[in-house]
Amino acid sequence: MNLRDTIRSIPDYPKPGIMFRDITTLLGNPRAFRRAVDELVQPFAGEKIEKVAGMEARGFILGGAVAHQLSAGFVPIRKKGKLPHEVVSIAYSLEYGVDQMEVHRDAVLEGEKVVLVDDLIATGGTACAAVQLLRNLGADVVATCFVIDLPDLGGASRLRAMNVPVRSLVSFEGH
């Protein structure tokens, strides 16, 4: 099975000129979903990963499954105002402005090994901010994992420049 074939491409969404890569078709295919999770987990088999962090919202789906397979805890990284307890936040740049994401202050202990999971890496703004947020809590971010990489947008390179290994399962040239 080729995972790339299970990902739907939608032209001109959310705006003209964008090719949206939709993983809901992969998630809805039991074999593809299982294979994607297995491939995301594989490099960490036998390694002691304490936490898997996932970014809202598709990162929750994938990250929860990866955490389960690794017998690790799961840490949700959410948009501002969505977490009920004491939080740490970070601002990050978007194409047309700034946004914030948050994590519970007690979600990660100093020195815990954490893997960050999301569906797609594009420009890397959100992922780089999430890595910094986790590091601010004292986490050892051992890797970032994505189903899809859009290499032309440079996000994986930005993460590598932060000394964070990047793993992706499928690459789509262009965007």
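Any residue in segment 128-155 that is farther than 23 Å from residue 89 by Cβ and crowded, with 21+ Cβ neighbours inside 10 Å sitting within a Cβ distance under 8 Å of a residue that is modelled with pLDDT under 95 and not charged (D, E, K, R)? List the pairs, counting only those 6 or more apart or interchain.
These pairs meet every condition: 150/122; 150/174; 150/175.
Please work out which residue is farthest from residue 74 (Cα to Cα), limiting yourself to segment 106-127 and to residues that are surrounded by 22 or more Cβ atoms within 10 Å (Cβ to Cβ) and touching an Asp or Glu at 6+ places or on another chain (Cβ under 7 Å).
This residue is 121.
Those residues that are within 9 Å of the chain's Cα centre (by Cα) and of a type in the set (Val, Ile, Thr), I need them from segment 116-125; list them, please. Talk me through it step by step, then tell me what you get.
Going residue by residue through segment 116-125, those that are within 9 Å of the chain's Cα centre (by Cα) are 116-121.
Residues satisfying the conditions are 117, 121.
Does residue 115 fit the bill of being within 16 Å of residue 92 (Cβ to Cβ), of a type outside the set (Phe, Trp, Tyr) and touching a residue at least 24 places away in the same chain (Cβ under 8 Å)?
Numbers: within 16 Å of residue 92 (Cβ to Cβ): no; of a type outside the set (Phe, Trp, Tyr): yes; touching a residue at least 24 places away in the same chain (Cβ under 8 Å): yes.
No, not satisfied.
Looking only at segment 145-175, which residues are in contact with an Asp or Glu (Cβ under 8 Å, 6 or more places away or on another chain) and of a type outside the set (A, V, I, L, M, F, W, C)?
151, 152, 155, 168, 171, 173, 174, 175
Looking at 103, 88, which one is at negative phi, free of Cβ contacts under 8 Å to residues at least 60 places away in the same chain, assigned to a strand (DSSP E or B) and out of contact with any Asp or Glu (no Cβ under 9 Å at 6 or more places or on another chain)? Working first, answer last.
On the way: 88 fails: out of contact with any Asp or Glu (no Cβ under 9 Å at 6 or more places or on another chain).
Going through 103, 88 in turn, just one is at negative phi, free of Cβ contacts under 8 Å to residues at least 60 places away in the same chain, assigned to a strand (DSSP E or B) and out of contact with any Asp or Glu (no Cβ under 9 Å at 6 or more places or on another chain): 103.
The values are calculated or read from the model by the stated rules, or taken from the named source; none is laboratory data. Keep in mind that this is a model prediction, so the values were computed, not measured. In this analysis, Cβ positions are derived from the backbone assuming ideal geometry, glycine residues included, and neighbour counts consider all displayed protein chains.
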